[in-house]
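Here is the structure we will look at, set down as structure tokens.
Throughout, read-outs are computed from the coordinates displayed, never taken from laboratory work. Here the structure is a predicted model, which means the values were calculated and not measured. For neighbour counting, all protein chains shown are included, and Cβ atoms are generated from backbone atoms with ideal geometry for every residue, glycine included.
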Amino acid sequence: MKTKIIIVFTVFITFFSCKNEVKEEIKPIVENSKTTEIQLIQFHTEHRCVTCNNIEKLSKETIKENDAISFVLYNVDDKKNEKLAEEFEATGTSLYLYNSKTKAIKDLTEMAFMYAKNEGEKFKTELQKEISEFK
């Protein structure tokens, strides 16, 4: 039952918190110039809310000292990212760990939305834990 409530809450936040808060147009970027085996990938829509922007900010802060992980940002509304978004089943703001060698994917979207808005330190702690456990 608790899981169902969390899923409903996450869906609600995703669809209703990201409306009508256009801040800037962001193009897909790779933060690290080198390609790494492990990537932290964030998908977003053209119109980004405070929570969506916090997910990006906190993710970058968490991995800034970790040269083994690249942060990659993709706009799901951009046609050139359509195939990749489909592979990850990303239709809006979402966060994933991805291993380019093993093709393993870990969906961190629920955790990201749960902590990004008001619990930045908890977000960083949980993300670091997920990174440590990810193979």
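Treating r as the C-beta distance of Q128 and D107 and R0 as 22 Å, the FRET efficiency rounds to 0.85.
Between E46 and E87, the C-beta separation translates, for a Förster distance of 35 Å, into a calculated FRET efficiency of about 0.95.
Please give the net charge around Y96, taking every other residue with its beta carbon less than 11 angstrom from that of Y96, where Lys and Arg add +1 and Asp and Glu add -1. Before the final figure, lay out each step's value.
Working: positive: K106; negative: E87, E89, D107, E130.
With Lys, Arg at +1 and Asp, Glu at -1, the net is -3.
Taking the beta-carbon count within 10 Å as an exposure proxy, list E110, E46, E133 from fewest neighbours to most. Working shown, then result.
Working: E110 18, E46 12, E133 9.
Ranking E110, E46, E133 by Cβ neighbours within 10 Å, fewest first, gives E133, E46, E110.
Residue exposure proxy: S70, S94, ordered by other Cβ atoms within 10 angstrom of their Cβ from fewest to most, comes out as S70, S94. Sequence-ordered 3J(HN,Hα) estimates for region 96-113 from the Karplus curve with 6.51, -1.76 and 1.60 and θ = phi - 60° stand at 9, 9, 9, 9, 6, 7, 8, 6, 6, 10, 10, 7, 10, 4, 4, 4, 4, 5 Hz, glycine and proline given as x.
Distance cut-off 20 Å, Cα to Cα: go down the list K80/K106; K64/K129; K57/K83; K79/K106 and report the pairs above it. Let's see the in-between values first.
On the way: K80/K106 23 Å; K64/K129 15 Å; K57/K83 25 Å; K79/K106 24 Å.
The pairs that break the limit, which is 20 Å between Cα atoms, are K80/K106; K57/K83; K79/K106.
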